[in-house]
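The structure under discussion appears below in the form of structure tokens.
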Amino acid sequence: VSLCYRYRTEAEKNLLDKTTFLDPRVKSLKHLSLTEREIIHDLVLDECVAMCSQQQTEVTPPVRNNAVSDSDPSNNHGLASLLSMYAEDDDSESTGTSESDIRRAISLEINLYKATPGAKITSCPLAW
């Protein structure tokens with residue numbers, strides 16, 4: 001029985017395609033048309049932006065302490081550490097970057113991921 005018949009809903013197909021894209025062995029998505037690939041890339045981008053935006057609203061800003069630097073990587077968590085280089089360095093009430101800055105940064109990371117060579121199909125995922 002083909003997987004085409006097992007996973008019928010668009011949500012199921014999108015989930016499988018997104019996870020396939022995140023696997024460096026098959027990230028090229030050669031089984032999809034160019035248009036379908038772009039749709040999957042956009043879905044991954046949207047999901048990453050949503051996760052990062054949600055994380056920014058849940059994380060309270062750190063208390064400023066002269067002994068601990070804000071640039072200290074141990075202060076950052078998850079996507080916040082990935083995007084810390086794009087954060088504005090000011091003492092305003094702002095607790096993070098705007099959604100457009102986040103989208104731009106994540107889009108850059110996705111494009112870099114797409115541009116890097118994929119892993120060999122025989123490589124072990126546990127060795128990454």
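Some notes on this structure:
- Condition check for Leu15: under 28 Å from Trp128 (Cα atoms), open to solvent by 70 Å² or more (accessible area, probe 1.4 Å) and at pLDDT 90 or above: yes
- Some residue of segment 27-50 being at pLDDT below 90 and either among the hydroxyl-bearing types (Ser, Thr, Tyr) or open to solvent by less than 60 Å² (accessible area, probe 1.4 Å) (or both): no
- Any chance Thr57 is part of a helix (DSSP H, G or I), at pLDDT below 90 and either over 27 Å from Cys124 (Cβ atoms) or hydrophobic (A, V, I, L, M, F, W, C) (or both): yes
- Considering segment 101-126, and only residues there that are part of a helix (DSSP H, G or I) and open to solvent by 70 Å² or more (accessible area, probe 1.4 Å), the residue that is nearest to Leu29 (Cα to Cα) turns out to be Lys114.
The values are calculated or read from the model by the stated rules, or taken from the named source; none is laboratory data. Keep in mind it's a predicted model, so treat the numbers as computed, not measured. Note that each Cβ is placed from the backbone with ideal geometry, even for glycine, and that neighbours are counted across all protein chains shown. Each accessible area value is taken on the protein alone, full model and side chains, heavy atoms only, with ligands, DNA and RNA left out. Shrake-Rupley method; radii C 1.70, N 1.55, O 1.52, S 1.80 Å.
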